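The values are calculated or read from the model by the stated rules, or taken from the named source; none is laboratory data. Owing to the predicted nature of the structure, the values given are computational and were not obtained by experimental measurement. Glycine gets a Cβ as well: all are built from the backbone with ideal geometry, and neighbour counts include every protein chain shown.
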Amino acid sequence: MKEQVMAVQKMQEYIESHLEEEITLADLAGESLFSPWHSYRLFRQYTNQTPAEYIRRLRLSKSAMRLKEGNCRVIDVAGELGFGSVDGYQRAFLKEFGCNPGEYARTKIPIPLFIPYGVKFKELKKEKIDMSEVQSVFVQLMRKPERKVILKRGVKADHYWTYCEEVGCDVWGILTSMDSLCGEPVCLWLTGRYKKPGTSTYVQGVEAAVDYDGAIPEGFDVITLPEAEYLVFQGEPFREEDYVEAITAVQQAMDKYDPSVIGYEWDDENPRIQLEPRGERGYIELRAVKKKG
């Protein structure tokens with residue numbers, strides 16, 4: 001992988017772990033092992049933002065997540081994340097998200113949170129996958145209730161990268177700002193009954209209660225999924241740089257699995273569900289099943 005990419009990745013990781021402290025360009029240069037000037041140029045080249053812009057947006061999004069989780073005062077959140085004054089924090093929040101922090105804390109309206117994707121992952125997807133080390137995949141049965149899914153459709157996308165090319169990666173930030181039945185956004189491969197002509201199979205969304213009547217972000221759709229049983233396939237924890245191999249291992253195990261051994265068959269009327277790949281918990285996918293015969 002390019003030395004410059006890893007330098008920017010190290011700067012991103014430093015920012016994430018020191019977000020509540022003062023961060024200088026000298027600090028970032030110390031992580032990247034390039035000069036401050038060259039570090040600044042590389043960071044802007046690979047993230048399309050200056051370090052200052054990146055830090056400000058990340059702090060604002062972290063503050064929004066704390067407000068969403070509740071029991072936080074605006075004044076405390078502003079201070080914890082290094083904003084000089086409450087007024088300055090409120091103005092920055094309004095400019096970034098189109099509402100003030102108090103309003104978001106009360107209503108949880110969808111806002112476009114900034115999700116700091118590591119630059120190295122764009123390079124990793126181009127590399128050859130090594131599946132020489134076999135991973136364990138754990139399988140369990142679960143039932144999901146009837147629910148709504150507030151989702152953003154693509155055009156032809158059938159996986160994450162093509163979806164990002166069509167829709168953009170910022171959708172995840174909006175979804176993360178919303179309350180979810182399962183505690184996080186989801187990705188789905190829609191079956192025919194839930195697709196619209198000229199739209200993608202792969203979508204991103206958030207699961208909500210079947211009686212949800214809150215705000216729907218502009219350009220999003222709502223579908224209702226029935227109560228159904230799912231097999232949950234979960235791989236081993238993995239290093240973040242090995243996420244491609246982790247996904248492949250789980251998907252290969254799912255393709256080989258025969259649900260008839262537990263008295264079920266695949267339910268291809270319901271969408272397959274993907275959760276965000278997180279190294280500390282392992283990659284997770286869900287596929288619907290139904291009792292045989």
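With respect to ILE111, determine if the residue is within 29 Å of ASP213 (Cα to Cα) and either not in a helix (DSSP H, G or I) or not assigned by TED's automatic domain parsing to the domain that holds GLU207 (or both).
For ILE111, the condition - within 29 Å of ASP213 (Cα to Cα) and either not in a helix (DSSP H, G or I) or not assigned by TED's automatic domain parsing to the domain that holds GLU207 (or both) - is met.
Among the residues of region 267-287, how many are over 18 Å from the mean Cα position of the chain (by Cα) and closer than 18 Å to ASP158 by Cβ?
Within region 267-287, residues that are over 18 Å from the mean Cα position of the chain (by Cα) and closer than 18 Å to ASP158 by Cβ number 4.
Here is a yes/no grid of residues against (1) in contact with a Phe, Trp or Tyr (Cβ under 7 Å, 6 or more places away or on another chain); (2) among the small types (Gly, Ala, Ser); (3) assigned by TED's automatic domain parsing to the domain that holds VAL8:
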| site | (1), (2), (3) |
| --- | --- |
| ARG41 | no, no, yes |
| GLN49 | no, no, yes |
| ILE55 | no, no, yes |
| LEU67 | yes, no, yes |
| ASN71 | no, no, yes |
| ILE75 | no, no, yes |
| LYS95 | no, no, yes |
| GLY102 | no, yes, yes |
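GLU21 passes all but one of (1) out of contact with any helix residue (DSSP H, G or I) (no Cβ under 8 Å at 6 or more places or on another chain); (2) surrounded by 20 or more Cβ atoms within 10 Å (Cβ to Cβ); which number fails?
Just one mismatch for GLU21, condition (2).
Among the numbered criteria (1) on the phi > 0 side of the Ramachandran plot; (2) small (Gly, Ala, Ser); (3) in contact (Cβ under 8 Å) with a residue 40 or more places away in the chain, which one does GLY168 miss?
(3)
Report, by residue number, each residue of region 67-89 that is outside any loop (DSSP other than H, G, I, E, B) and surrounded by fewer than 17 Cβ atoms within 10 Å (Cβ to Cβ).
If the condition is that a residue be outside any loop (DSSP other than H, G, I, E, B) and surrounded by fewer than 17 Cβ atoms within 10 Å (Cβ to Cβ), then GLU69, ILE75, ASP76, GLY79, GLU80, VAL86, ASP87, GLY88 are the ones that fit.
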